Amino acid sequence: MTKIRIAPSLLAADFARLGEEVRAIEQAGADWLHLDIMDGHFVPNISFGPSLIRALRPHSKMPFDVHLMIAPADPYLAAFAEAGADLISLHPEAGPHLHRSLQTIRALGKKAGVVLNPATPVDCLAHVLDLTDLILVMSVNPGFGGQSFLTSQLAKIAELRRMITESGRDIALQVDGGVTLKTAPDCIAAGADVLVAGTAVFGAADYAVAIAGLKGSA
Ligand code: DX5
Ligand code: ZN
């Protein structure tokens, strides 16, 4: 059976107690920490930048999974790598040279991810799979937590799972947006192996119960 990883999104945490929140989800069984970087330009919201990642880094051993919703992204890749990111994912729409951006992330010694918006087709990945460690399917339009899951993205997850299997490569398949106890089983059935969850974890009374529930092992 595939191991399902849960990556709680810090966007839904209590911003006045971020260090504590990160320690709490790690203790509760979270696998990765998902960090949503928004610039108020590529997406209609502003979140936080590399200095927050640097400040949180000593508080956790979890891989830091940085989701860049910024354009351009290239000028900031080194700053996120130096701040403590382990994975850096970006949207193909963030710049004209996806291949070069992925090369840059790999050259910084980090894992590279490609994020597909709900309207973005899977074809853009066809010639960069050799540079891709993670594919992230957005199941909401990026910019905000707490939105409803777009079921139209399940077919895309299944298509990507087939593409990954055919390639024979070790590529994680992540889903982000509206992942809850209700939608997680569909994501897993379609072939996702990493679930991002903001509200479903940080909005729960017991983080460990929420994480175990999302993994389907509760
Ligand atoms: C949306 C972000 C998501 C968001 C998920 O732009 O990429 O990571 O925080 O939040 P929920 O799980 O609440 O939909
Ligand atoms: Zn995200």
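The values are calculated or read from the model by the stated rules, or taken from the named source; none is laboratory data. No experiment lies behind these values; they were computed from the predicted model shown. Because the Cβ atoms are built from the backbone with ideal geometry, glycine has one as well, and the counts that use them run over all protein chains shown. In case anyone asks, the SASA skips ligands and DNA or RNA and just uses the protein heavy atoms, side chains included. Shrake-Rupley method; radii C 1.70, N 1.55, O 1.52, S 1.80 Å.
Annotations for the structure displayed:
- Taking 0.36 nm per residue of separation and subtracting the current Cα-Cα distance, fully stretching the chain between residue 108 and residue 158 would add 14.9 nm.
- Taking amide H as placed 1.01 Å from N in the peptide plane, the amide H of residue 5 sits under 5 Å from that of 194, 195, each at least 5 places away or on another chain.
- Rounded to the nearest 20 debye, the dipole magnitude of the chain is 260 debye, with +1 charges on Lys and Arg beta carbons, -1 on Asp and Glu beta carbons, and the Cα centre as origin.
- DSSP bridge pairs, the chain: antiparallel proportion in percent, nearest 5: 5
- Between the range 39-63 and the range 119-133, the Cα center-to-center distance that results, in Å: 25
- For residue 121, neighbours were defined as the other residues whose beta-carbon sits under 11 Å from its Cβ, and their charges (Lys and Arg +1, Asp and Glu -1) total -1.
- Global geometry of the range 86-174, whether rounded, prolate or oblate, following the gyration tensor of its Cα atoms and the 1.5 cut on a/c: oblate
- Heavy-atom accessible surface of the range 1-109: percent carbon and sulfur, 1.4 Å: 54
- Contour excess over end-to-end distance, with Cα ends at residue 151 and residue 119 and 0.36 nm allotted per residue: 10.2 nm
- Compactness relative to 2.2 N^0.38 Å, alpha carbon Rg of the chain: 0.93
- Cβ-based net charge around residue 61, under 12 Å, with every Lys or Arg adding one and every Asp or Glu removing one: -1
- Once exposed loop trypsin sites (Lys or Arg not before Pro) are cut out (DSSP; at most 13 other Cβ, 10 Å), longest piece of the chain: 62-168
- Placed amide H near residue 136: partners under 5 Å, 5+ positions off or other chain: 114, 115, 116, 174
- Applying 0.36 nm per residue to the separation of residue 127 and residue 141 and subtracting their alpha-carbon distance, the gain on full extension is 2.6 nm.
- Charge dipole of the chain about the Cα centre (unit charges at C-beta), most positive-ward option of 145, 51, 184: 184
- Contact order relative to length of the chain, as percent, for alpha carbon pairs under 8 angstrom and 6 or more apart: 21
- Using only side-chain charges placed at the Cβ, +1 for Lys and Arg and -1 for Asp and Glu, the dipole size of the range 89-172 relative to its Cα centre rounds to 160 debye.
- Going by accessible surface with a 1.4 Å probe and the largest first, 46, 53 read 46, 53.
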